[in-house]
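So the structure is just underneath, and the comments pick up after that.
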Amino acid sequence: MISKQLQELGKKRIAPYPCEGFLLGGGNEEADVLFVGEAPGRDELQTHKPFTGRAGANLNGFLKEAGINREDIYITSVVRSRPYKHDVKSSKKPIEERGNRTPTQKEIIAHAPLLDEMINQLDPKLIVTLGAIALKRLVGPGLNLQDVHGKPFCTRLLQLPSLESSKLVRGERQQHVFPTFHPASVFYNPTLATTITNDMRQLRAVLDSLHEQG
Ligand code: URA
């Protein structure tokens, strides 16, 4: 779905940063729901499929809650390579043994053309953002996930206006967005499991009403 040319560009743009591997998204290329995570981890680099590690097991459970089959959706992430830790202590270890970290804004910008293109091609009815990074990338920094999770809204998405640009701007595309927490957040805050489960029940209702509208 993402052309070879754009994949190569993505690899080139992320090369200056401490990130390893490259993973395309995965799922149904005709889906009307797109899930957007943060970045792959080591498990995903090995399986070449998004959300196949511990966070993926959580995601599968939450999808079940919403009555969603993974085969019916498309899943991608803000950054397609694994950002690894590069502090002094971590630098002593081989890259594959270093922990994951949150992508920086520069890394997010490096892979912004890939996510923009994916959204344009898939043209989803609904984008489910998993975690604060995906929400900030697509909607902007002004929203607090604690306030907006589990509630759909329509907005103009942020996108990268040109390959030379280092700043995301609001494009023309009007998009229904449904924010929820990242499935890995449960590891740090187990009470979020109930929150995400409730969000998934809301998501089911949103999908039913979108399908009724045709
Ligand atoms: N977190 C993500 O955002 N994506 C994955 O594929 C795995 C973990």
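The values are calculated or read from the model by the stated rules, or taken from the named source; none is laboratory data. All values derive from a computational prediction rather than experimental measurement. Cβ sites come from the backbone with ideal geometry, for glycine too, and all protein chains shown count toward neighbours. These accessible areas exclude ligands, DNA and RNA; they are computed on the full protein's heavy atoms, side chains included. Shrake-Rupley method; radii C 1.70, N 1.55, O 1.52, S 1.80 Å.
Collect the residues in region 181-214 that are free of Cβ contacts under 8 Å to residues at least 60 places away in the same chain and polar (S, T, N, Q), keeping them in residue-number order.
Ser185, Asn189, Thr191, Thr194, Thr195, Asn198, Gln202, Ser209, Gln213
Going through Glu71, Glu30 one at a time, which residue ends up being part of a loop (DSSP other than H, G, I, E, B), at pLDDT 95 or above, open to solvent by 70 Å² or more (accessible area, probe 1.4 Å) and away from the ligand (no atom under 11 Å from the Cβ)? First the steps, then the outcome.
On the way: Glu71 fails: part of a loop (DSSP other than H, G, I, E, B).
Of Glu71, Glu30, the one residue that is part of a loop (DSSP other than H, G, I, E, B), at pLDDT 95 or above, open to solvent by 70 Å² or more (accessible area, probe 1.4 Å) and away from the ligand (no atom under 11 Å from the Cβ) is Glu30.
Looking for something touching a helix residue (DSSP H, G or I) at 6+ places or on another chain (Cβ under 7 Å) and of a type in the set (A, V, I, L, M) - is there at least one such residue anywhere in region 40-63?
The answer is yes; a qualifying residue exists.
Restricting attention to region 74-102, and to residues there that are more than 12 Å from the ligand (Cβ to nearest atom) and crowded, with 20+ Cβ neighbours inside 10 Å, which single residue is farthest from the chain's Cα centre (by Cα)?
If we take residues in region 74-102 being more than 12 Å from the ligand (Cβ to nearest atom) and crowded, with 20+ Cβ neighbours inside 10 Å, then Arg98 is farthest from the chain's Cα centre (by Cα).
If the Cβ limit is 6 Å and pairs must be 6+ apart or interchain, which residue in region 30-42 that is within 20 Å of Glu97 (Cβ to Cβ) pairs with which residue that is open to solvent by 40 Å² or more (accessible area, probe 1.4 Å) and more than 6 Å from the ligand (Cβ to nearest atom)?
Matching pairs, first to second residue: Gly41/Asn100.
Just checking: which of the strands (runs of 3 or more DSSP E) contained wholly in region 103-214 hold 2 or more residues that are within 16 Å of the ligand (Cβ to nearest atom)? Let's see the steps before the verdict.
Working: elements: 126-130, 153-159, 169-180.
Where strands (runs of 3 or more DSSP E) fall fully within region 103-214 and carry at least 2 residues being within 16 Å of the ligand (Cβ to nearest atom), they are 126-130, 169-180.
Take the residues in region 34-68 that are surrounded by fewer than 17 Cβ atoms within 10 Å (Cβ to Cβ) and part of a loop (DSSP other than H, G, I, E, B); name whichever of them is farthest from the ligand (Cβ to nearest atom).
Looking at the filtered set, the residue picked out is Gly67.
Report the residue count in region 163-214 for those that are open to solvent by 60 Å² or more (accessible area, probe 1.4 Å), small (Gly, Ala, Ser) and touching a helix residue (DSSP H, G or I) at 6+ places or on another chain (Cβ under 8 Å).
Result for region 163-214: 1.
Considering only region 1-27, state which residues are in a helix (DSSP H, G or I) and touching a His at 6+ places or on another chain (Cβ under 9 Å).
Listed by number, the residues that qualify are Gly10, Arg13, Ile14.
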